[in-house]
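Read the structure below first, then the notes.
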């Protein structure tokens, strides 16, 4: 009977030990949503670093956009400057060409007037008239026009230069008596002023003024 009690106690102890072993092996797993505190700190630091990097990249993009815009505006200004220089050069070249051409027109004009005045019907006069007509047509096509209606009009320093002051012309004072060289405009710009003779004050009026002073 004692032996039986001992065996029962021993078996009970073995059962307890096995139960403890089974309890250790079958302990519940840690839930996946439970994160240790040190892991939460690491994740927060990574988020802060990522946000800081994103802000740096945004600032870099803004800087690059600003640099591209400044470069674009610089190129526009350079192109505008080059275009102005080109236009200015072309304008100066065009003016020089027209002025040289007007000197040729003057020569043919004098030749034609001389031939017409002498009633010369030679082929030289006819040829000169044809060339002069072609030159005038070329000038008109390019916007160059002769100043008209100067003779008999009041002298205007904006369009004419005085070559001589003519006394006893019978014309009112300060009136254009004769056009010696035609003036021209390029569009609305004065290309070359006319050279004119202008009537002076009548001599008798000047003498009467002097007598009155005496």
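The values are calculated or read from the model by the stated rules, or taken from the named source; none is laboratory data. All of these numbers come straight from a predicted model, not from anything done at the bench. Every residue, glycine as well, gets a Cβ built from its backbone with ideal geometry; the counts of neighbours run over all protein chains shown.
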Practice prompt. Check off (1) outside the structural domain of residue 187 (by TED's automatic domain parsing); (2) within 26 Å of residue 192 (Cα to Cα); (3) exposed (fewer than 13 other Cβ atoms within 10 Å of the Cβ) for residue 102 and give me the number that stays unchecked.
Written response: (3)
Worksheet, complete the sentence: In the stretch 137-180, residues that are farther than 14 Å from residue 194 by Cβ, part of a loop (DSSP other than H, G, I, E, B) and out of contact with any helix residue (DSSP H, G or I) (no Cβ under 8 Å at 6 or more places or on another chain) total 7
Worksheet item: Which one of 75, 92 is more than 17 Å from residue 191 (Cβ to Cβ) and outside the structural domain of residue 187 (by TED's automatic domain parsing)?
Response: 75
Worksheet, complete the sentence: The residue from 135, 191, 150 that alone is touching a residue at least 60 places away in the same chain (Cβ under 8 Å) and surrounded by 14 or more Cβ atoms within 10 Å (Cβ to Cβ) is 191
Item to complete: Select from the stretch 155-172 the residues that are at pLDDT below 90 and surrounded by 15 or more Cβ atoms within 10 Å (Cβ to Cβ) and list them in ascending order.
Response: 169, 171
